[in-house]
């Protein structure tokens, strides 16, 4: 089989191996492919039967122009860059990589929160700049320091990642409130399920770990922010579209929201005019929660297993329904 990886660099900048995928067919890996030039996408797929993509869009036009495609796989959990419904009409299974980032994403969420609480990076920089050596006192801090024990974390989206974060929050002495469309027994062992308004009203820290849907797009908006505690901390390393960026920036600048730690924004890469770039007490990282080597290796392993299963005519992790 001819196999094409359209944008392999983000998944594997050189510290992993494509070797196991090479064993399954004639492999071509492109580091990057234009996300706007459909002709380049079509040319690079050519007569390939297997296509892997991370963010490069596989549209109806691309599928029609590349009739050899038999299998499409996202090198990620999200697959909205693929027209999976049209692929189903053409009998092409689309697969994804579920559950690879539970540990890394929940860990990163806690890291954002701890950075807000202690500003470790800033204080390290200040020490190296000579401020401690020249300090009149034996210690100093340039930001208020926050202790988490006894505070309440509200987690919106209490699946694998949300529950993993909830366990860490409990270990830090926090009370955990959770909102999820599908409460389950494992979640009830970690936190208390509540409605959204209750979570907004009682949480000192609100973290987002839900899938993006039409119903929750822009859920962190002016109206819901008004329901929150003064001085609430917001953490989002789920999807940027869950928040209304202008409203969050206004809340940060007014002090209604004490701080935000964001690993995702509405449009990525971030635009230079994004209001969050100039907002007070806003930490922004470039969508890297998922990216530890261990996590990316799990993506690679699952991507290989997805194709092996397809070749055995026993496909797994299929996200579109194929009529047989």
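Here, each number is a calculation from the coordinates, and none is a lab measurement. Remember, predicted model here, so these are calculated numbers, not experimental data. Every residue, glycine as well, gets a Cβ built from its backbone with ideal geometry; the counts of neighbours run over all protein chains shown.
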Only one of 272, 246 that is free of Cβ contacts under 8 Å to residues at least 12 places away in the same chain, outside any strand (DSSP E or B), more than 20 Å from the chain's Cα centre (by Cα) and surrounded by fewer than 17 Cβ atoms within 10 Å (Cβ to Cβ): 272
Which residue, of 224, 216, is crowded, with 17+ Cβ neighbours inside 10 Å, touching a helix residue (DSSP H, G or I) at 6+ places or on another chain (Cβ under 8 Å) and in a loop (DSSP other than H, G, I, E, B)? 216
For the range 250-269, what are the residues that are crowded, with 17+ Cβ neighbours inside 10 Å and closer than 15 Å to residue 228 by Cβ? 251, 252, 256, 257, 258, 259, 260
Which numbered condition residue 99 fails, given (1) surrounded by fewer than 18 Cβ atoms within 10 Å (Cβ to Cβ); (2) assigned to a helix (DSSP H, G or I): (2)
Can you tell me which condition residue 273 does not meet? The list is (1) within 24 Å of residue 229 (Cβ to Cβ); (2) out of contact with any strand residue (DSSP E or B) (no Cβ under 8 Å at 6 or more places or on another chain), and all the others hold. (1)
Please enumerate the residues belonging to the range 169-206 that are in a helix (DSSP H, G or I) and buried (at least 18 other Cβ atoms within 10 Å of the Cβ). 169, 187, 199, 200
Checking the condition part of a helix (DSSP H, G or I) and exposed (fewer than 14 other Cβ atoms within 10 Å of the Cβ), which residue from 124, 134 passes? 124
